[in-house]
Structure formats: C-alpha cells, structure tokens
Amino acid sequence: MKRITSDFPSGIDQLVYPTAIHYGRERGINATYKPTHVYEGDITNTDAIASWIEGKLLD
C-alpha cells in the first residue's frame, strides 16, 4: 500500500489517500475476477448458502 500526499494551496492541511499497487499479479489490470465456484441460489437464504459451502468443502 502506497500513501499519496498532496498539500492544499493554503498550506494549512494536506490530502492523504492510499493506493494499492499489485506487482506480479496473475489477473490483468481492471480484469474481472472469475470465481472457481459460483453460487447460483438465493443469496438471502443463509442456510442454503451454508449447505452449499459445506458441499464444496467436502468435494
């Protein structure tokens, strides 16, 4: 994580914000992440999600 600092013209304060730089990353710049396992069910059904995860762990 790199921190970028920029002084305000008044000199009273400064703006500081972090930026993330990824070196040697397999996924390209601004490329969409494609998960190995995709849950197609109802995302609001916690029990169904838990069962799905358990099934994936046991595979």
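Values quoted throughout were computed directly from the atomic coordinates according to the rules given, and no laboratory measurement underlies them. Quick caveat: nothing in here was measured; it's all calculated off a predicted structure. A quick note on method: Cβ atoms are made from the backbone with ideal geometry, for glycine too, and the neighbour counts reach across all protein chains shown.
Using Cβ contacts closer than 10 Å as the measure, can you line up L15, L58 from fewest to most? Each step should come with its number before you reach the end.
Numbers: L15 9, L58 6.
Arranged by neighbour count, lowest to highest, L15, L58 become L58, L15.
At most 16 other Cβ atoms within 10 Å and a DSSP loop assignment: could you name the chymotrypsin sites (Phe, Trp or Tyr not before Pro) in the chain that fit?
Values: sites: Y23, Y33, Y39, W52; in loops: Y23, Y33, Y39.
Filter output for the chain: Y23, Y33, Y39.
Placing a pseudo-label 7 Å from each Cα along the Cα-to-Cβ vector at M1 and V38 gives an inter-label distance of 3.2 nm. Summing charges over neighbours of W52, with a neighbour being any other residue whose Cβ is under 13 Å away from its Cβ, gives -4 when K and R count +1 and D and E count -1.
With the helix formula -39500 (n - 2.57) applied to DSSP H stretches of n ≥ 4, the chain reaches a computed 222 nm mean residue ellipticity of -7000 deg cm²/dmol.
Exposed loop sites here are trypsin sites (Lys or Arg not before Pro) in DSSP loop states with at most 13 other C-beta atoms within 10 Å. What is the longest stretch of the chain lacking them? Longest run free of exposed loop sites: 28-59. Relative contact order, whole percent, for the stretch 2-58 stands at 19, derived from Cα pairs under 8 Å and 6 or more residues apart.
Over the chain, the ratio between the Cα radius of gyration and 2.2 N^0.38 Å evaluates to 2.03. Does anyone have the angle between helix 46-58 and the longest principal axis of the chain? Alpha-carbon axes, 0 to 90°, nearest 10? Between the helix axis and the principal axis of the chain, the angle is about 80 degrees.
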